[in-house]
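One structure is given below, encoded as structure tokens.
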Amino acid sequence: MQTFLIPGGAGVKIFQRGFSLRNTLTSIRSGFLNLGKSFSQYKALYWAGKAKPSLTPIINPKTGQVWKQYTELHHRFIPQRWKWAPNWLKNNRFNLKPVSSLQHAQMDPFRARFVPKWVKEMYNLTWK
């Protein structure tokens, strides 16, 4: 990079000439990926006008353990973990589907990691 002093107005301005393709592409990519709402923002807006349905908890008949279910938003076509996809593509009404905790675990192996072991055995989630 070369630095030039350019007289202007009340003082002297410093102008740097040079082009970094890498920096330019990085800033374009990060700007493109950050367009749209984040998942937290979309989730807050989605549930703001809706009442969450009450779901029946899953109870283990042998031990009496309880797993409380919630209604969650599942990324249908484009997973949230795909960092290359822009927010507006991942977090929209076509890609997000409200499902119960158990349904989410049955569809998404990444969600199934957080299911209690006894629920995995009860519903045959061993592949996850």
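For the structure I just gave you, tell me whether K37 is at pLDDT below 90, of a type outside the set (S, T, Y), out of contact with any strand residue (DSSP E or B) (no Cβ under 6 Å at 6 or more places or on another chain) and at negative phi. Answer is yes for this residue. Among the conditions (1) at pLDDT 90 or above; (2) at positive phi, the only one that W82 does not satisfy is (2). The one condition from (1) assigned to a loop (DSSP other than H, G, I, E, B); (2) surrounded by 13 or more Cβ atoms within 10 Å (Cβ to Cβ); (3) small (G, A, S) that A105 does not meet is (1). For the structure I just gave you, tell me whether K97 is under 18 Å from F39 (Cβ atoms), modelled with pLDDT under 90 and surrounded by fewer than 16 Cβ atoms within 10 Å (Cβ to Cβ). The answer is no for K97.
The residue that is surrounded by the most Cβ atoms within 10 Å (Cβ to Cβ), among those in the stretch 34-80 that are assigned to a strand (DSSP E or B) and without any contact (Cβ under 8 Å) to a residue 40 or more places away in the chain, is H75.
The values are calculated or read from the model by the stated rules, or taken from the named source; none is laboratory data. Here the structure is a predicted model, which means the values were calculated and not measured. Glycine gets a Cβ as well: all are built from the backbone with ideal geometry, and neighbour counts include every protein chain shown.
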